[in-house]
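A.B. asks: Pasting in a structure now, in structure tokens, and then I'll have a few things to ask.
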Amino acid sequence: MSPVDITATALEHLESMSTLHPDLSEPYQNLVGLYQRKLWHQLTMSTLEFVSNPSATLRTTAEGTNSYLALFDKVILPIDKKLNQLTLARIASAVAFSLLDDPPYADGVAARAILENLLEKKTRARLSPSAALHAESRLGLLGLTVLARSGEALTTTSSVEALEATKSAIDKNRSVLAELADTESEAAVVHSAFYETAMTYRKAVGPPEAYYREAIQYVAYTSLSDLSEEARYSLATDLSLAALTGEGVFNFGEVVTAQALQCLEGTDLSYLGELLSAGARGDVLGFQRVADAHAAAIQLQPSLVSRAEAVKEKITLLALVNMIFERPSLERTLSFEDISDRVAVPVDQVEWVIMRALSLKLIKGTMDQVEQTVDVTWVMPRVLDNKQMAELASRFGEWAVKVSKTHEYMLEHTGALLNQ
């Protein structure tokens, strides 16, 4: 098609949709004006905003087809060379996902075709690394979404092949993401897309600790206001359960301080936040009180039930870590009896708790089994809540006073010391 025909087709489509759907006349006329003035950046941003709100703007054309798909095919694709490539990939992704809720396209074939065509060799050569990575990530998420909606068992041959292909793409793109770092414009968008796909994959196949690692990164790069209430609730639930049950996940502060956890407040699952908060403080008795108060609800969570002993061990170890953290660095020789009182285990089990903490590299130090003490030289760094930050600030203040007094002493006595 000639440039004149491309322009005529695009404007005709936008005008017809404005007439067909009077409630959307304003946004469609806005696109008309931007297209006529060749304001390509503003056109792509306005289009992205338009297709990012399907509940308000998704309609059908006069032919009964998906309005986003028609907008993409008749307006956006013919001028794709003029557009920001990452924004183009984001628009394509929004259009593709809109098709999944449209019965004729629910199988995902048409949706996949949009992103696959964008990634074809001819088109891909024009895509920036960030745009290609975004498109590939959303294509992987699209496949996982279709698989989940199909209800097909993950053990079938087709499911296994689909999951393996997704995993390969994630592994390949992880190194690409590392090279992008945070220097690319709109890098957060690309990171968010990648980690959402990786997180969704791990939710399907496990284990919980792998899901946790991907999800906590997704939360870091994603504005929760962009998610639906249902999506925020699901994310907070899955992240909490993964933190509690994931092997090697001890930094509960990452979750407790995350805005995502607030979604559970006032809901039937608010106890998950209470469990995490108690665990982050190393409050064994507090954790047990919450668990006892919500025993019936906890029984409805298979992951908590099946890993109950592992969760109990984790809280015991966190109690030891917090006990050490709360002490000044020069006062970290702990007796077995004191540890027993804090972590709520018999004295004869304290040695095992210490050995376990040492083996997991939660602490470093030496244990005296004869004297029944442990001298701790290092404790794992963690994300702290406001109360713990206040305690740390107070400790810094005490340290500053000691340094000041030492400085004053040296000034007063340096001469006497040198003359001896």
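A.B. asks: Which residues, taken from the stretch 118-146, are in contact (Cβ under 8 Å) with a residue 40 or more places away in the chain and open to solvent by 50 Å² or more (accessible area, probe 1.4 Å)?
C.D. replies: Of everything in the stretch 118-146, those that are in contact (Cβ under 8 Å) with a residue 40 or more places away in the chain and open to solvent by 50 Å² or more (accessible area, probe 1.4 Å) turn out to be R126, P129.
A.B. asks: Have a look at L239, L224 and point out the one that is of a type outside the set (S, T, Y) and crowded, with 22+ Cβ neighbours inside 10 Å. Let's see the steps before the verdict.
C.D. replies: Numbers: L224 fails: crowded, with 22+ Cβ neighbours inside 10 Å.
Within the list L239, L224, the selection yields L239.
A.B. asks: Here is a follow-up. Please indicate, with yes or no, whether at least one residue in the stretch 162-174 is surrounded by fewer than 16 Cβ atoms within 10 Å (Cβ to Cβ), part of a loop (DSSP other than H, G, I, E, B) and over 19 Å from the mean Cα position of the chain (by Cα).
C.D. replies: To start, the set of residues in the stretch 162-174 that are surrounded by fewer than 16 Cβ atoms within 10 Å (Cβ to Cβ) comprises 164-165, 167-168, 171-172, 174.
Still in the list and also part of a loop (DSSP other than H, G, I, E, B): none.
The answer is no, given that none of the residues of the stretch 162-174 is surrounded by fewer than 16 Cβ atoms within 10 Å (Cβ to Cβ), part of a loop (DSSP other than H, G, I, E, B) and over 19 Å from the mean Cα position of the chain (by Cα).
A.B. asks: Can I ask one more? Return only the number of the condition from (1) farther than 20 Å from F50 by Cα; (2) touching a residue at least 12 places away in the same chain (Cβ under 8 Å) that L115 does not satisfy.
C.D. replies: If we test L115 against (1) farther than 20 Å from F50 by Cα; (2) touching a residue at least 12 places away in the same chain (Cβ under 8 Å), just (1) comes out false.
A.B. asks: Which of the residues spanning the stretch 87-108 are more than 25 Å from S18 (Cβ to Cβ), assigned to a helix (DSSP H, G or I) and open to solvent by 10 Å² or more (accessible area, probe 1.4 Å)?
C.D. replies: Residue satisfying the conditions is P103 alone.
A.B. asks: Ok, one more. Within the stretch 78-86, can one find any residue that is in a strand (DSSP E or B), within 28 Å of A106 (Cα to Cα) and modelled with pLDDT under 95? Explain how you work it out, then say what you get.
C.D. replies: As a first pass, look at the stretch 78-86 and keep what is in a strand (DSSP E or B): none.
No, every residue in the stretch 78-86 fails to be in a strand (DSSP E or B), within 28 Å of A106 (Cα to Cα) and modelled with pLDDT under 95.
A.B. asks: In the stretch 186-223, what count of residues is obtained for those that are among the hydroxyl-bearing types (S, T, Y), farther than 15 Å from L141 by Cβ and in a helix (DSSP H, G or I)?
C.D. replies: Of the residues in the stretch 186-223, the ones among the hydroxyl-bearing types (S, T, Y) are 192, 195, 197, 200-201, 211-212, 218, 221-223.
Going one step further and asking which of them are farther than 15 Å from L141 by Cβ, we end up with 212, 223.
Subsequent filtering for residues that are in a helix (DSSP H, G or I) retains 212.
Of the residues in that region, 1 qualify.
A.B. asks: Only one of (1) of a type in the set (D, E, K, R); (2) farther than 18 Å from A198 by Cβ; (3) at pLDDT 90 or above fails for R138. Which number is that?
C.D. replies: The single condition R138 does not satisfy is (2).
A.B. asks: Restricting to the stretch 18-44, what's the tally of residues that are open to solvent by less than 70 Å² (accessible area, probe 1.4 Å), in contact (Cβ under 8 Å) with a residue 12 or more places away in the chain and under 17 Å from D80 (Cβ atoms)?
C.D. replies: Going through the stretch 18-44 one residue at a time, the tally reaches 6.
A.B. asks: Can you confirm whether S329 is exposed (fewer than 14 other Cβ atoms within 10 Å of the Cβ) and among the hydroxyl-bearing types (S, T, Y)? Spell out the reasoning first.
C.D. replies: On the way: exposed (fewer than 14 other Cβ atoms within 10 Å of the Cβ): yes; among the hydroxyl-bearing types (S, T, Y): yes.
When the stated conditions are applied, S329 passes them.
A.B. asks: Restricting to the stretch 301-324, what's the tally of residues that are in contact with a helix residue (DSSP H, G or I) (Cβ under 8 Å, 6 or more places away or on another chain) and of a type in the set (D, E, K, R)?
C.D. replies: Number satisfying all stated conditions: 3.
A.B. asks: While we're here: Given (1) under 23 Å from A258 (Cα atoms); (2) modelled with pLDDT of 95 or more; (3) touching a strand residue (DSSP E or B) at 6+ places or on another chain (Cβ under 9 Å), where does V379 come up short, assuming only one miss?
C.D. replies: Just one mismatch for V379, condition (2).
A.B. asks: Mind counting the residues in the stretch 55-73 that are among the aliphatic types (A, V, I, L, M), open to solvent by 20 Å² or more (accessible area, probe 1.4 Å) and either touching a residue at least 24 places away in the same chain (Cβ under 8 Å) or touching a strand residue (DSSP E or B) at 6+ places or on another chain (Cβ under 6 Å) (or both)? Spell out how you get there, then give the answer.
C.D. replies: Restricting attention to the stretch 55-73, the residues satisfying the condition of being among the aliphatic types (A, V, I, L, M) are 56, 58, 62, 69-71.
Those left that are additionally open to solvent by 20 Å² or more (accessible area, probe 1.4 Å): 56, 58, 62, 69.
In the following step, the residues that additionally are either touching a residue at least 24 places away in the same chain (Cβ under 8 Å) or touching a strand residue (DSSP E or B) at 6+ places or on another chain (Cβ under 6 Å) (or both) were identified as 58, 62, 69.
Here the count works out to 3.
A.B. asks: Among the listed residues E331, E351, identify the single one that is more than 29 Å from the chain's Cα centre (by Cα), in a loop (DSSP other than H, G, I, E, B) and among the charged types (D, E, K, R). Steps first, please.
C.D. replies: On the way: E351 fails: in a loop (DSSP other than H, G, I, E, B).
The conditions single out E331.
A.B. asks: Scan the stretch 120-134 residue by residue and report those that are under 13 Å from D80 (Cα atoms) and either at pLDDT 90 or above or in contact with a strand residue (DSSP E or B) (Cβ under 7 Å, 6 or more places away or on another chain) (or both).
C.D. replies: The one that is under 13 Å from D80 (Cα atoms) and either at pLDDT 90 or above or in contact with a strand residue (DSSP E or B) (Cβ under 7 Å, 6 or more places away or on another chain) (or both): A131.
A.B. asks: Quick test for you: out of I354, I315, pick the one residue that is over 21 Å from T237 (Cα atoms) and in contact (Cβ under 8 Å) with a residue 12 or more places away in the chain. Steps first, answer last, please.
C.D. replies: Working: I315 fails: over 21 Å from T237 (Cα atoms).
Of the residues listed, the single one that is over 21 Å from T237 (Cα atoms) and in contact (Cβ under 8 Å) with a residue 12 or more places away in the chain is I354.
A.B. asks: May I ask you to verify whether M389 is in a helix (DSSP H, G or I), among the hydrophobic types (A, V, I, L, M, F, W, C), modelled with pLDDT of 95 or more and open to solvent by 50 Å² or more (accessible area, probe 1.4 Å)?
C.D. replies: Numbers: in a helix (DSSP H, G or I): yes; among the hydrophobic types (A, V, I, L, M, F, W, C): yes; modelled with pLDDT of 95 or more: no; open to solvent by 50 Å² or more (accessible area, probe 1.4 Å): yes.
No, not satisfied.
A.B. asks: For residues in the stretch 242-292 being outside any helix (DSSP H, G or I) and among the acidic types (D, E), which is least open to solvent (accessible area, probe 1.4 Å)?
C.D. replies: As a first pass, look at the stretch 242-292 and keep what is outside any helix (DSSP H, G or I): 246-252, 257-258, 265-269, 282-283.
After this cut, where a residue has to be among the acidic types (D, E) as well, the list is 247, 265, 268, 283.
Working: E247: 129, E265: 135, D268: 136, D283: 47 Å².
Result: D283.
The values are calculated or read from the model by the stated rules, or taken from the named source; none is laboratory data. All values reported here derive from a predicted model rather than from experimental measurement. In this analysis, Cβ positions are derived from the backbone assuming ideal geometry, glycine residues included, and neighbour counts consider all displayed protein chains. When the accessible area is computed, the model is the full protein with side chains, heavy atoms only, and any ligands, DNA or RNA have been set aside. Shrake-Rupley method; radii C 1.70, N 1.55, O 1.52, S 1.80 Å.
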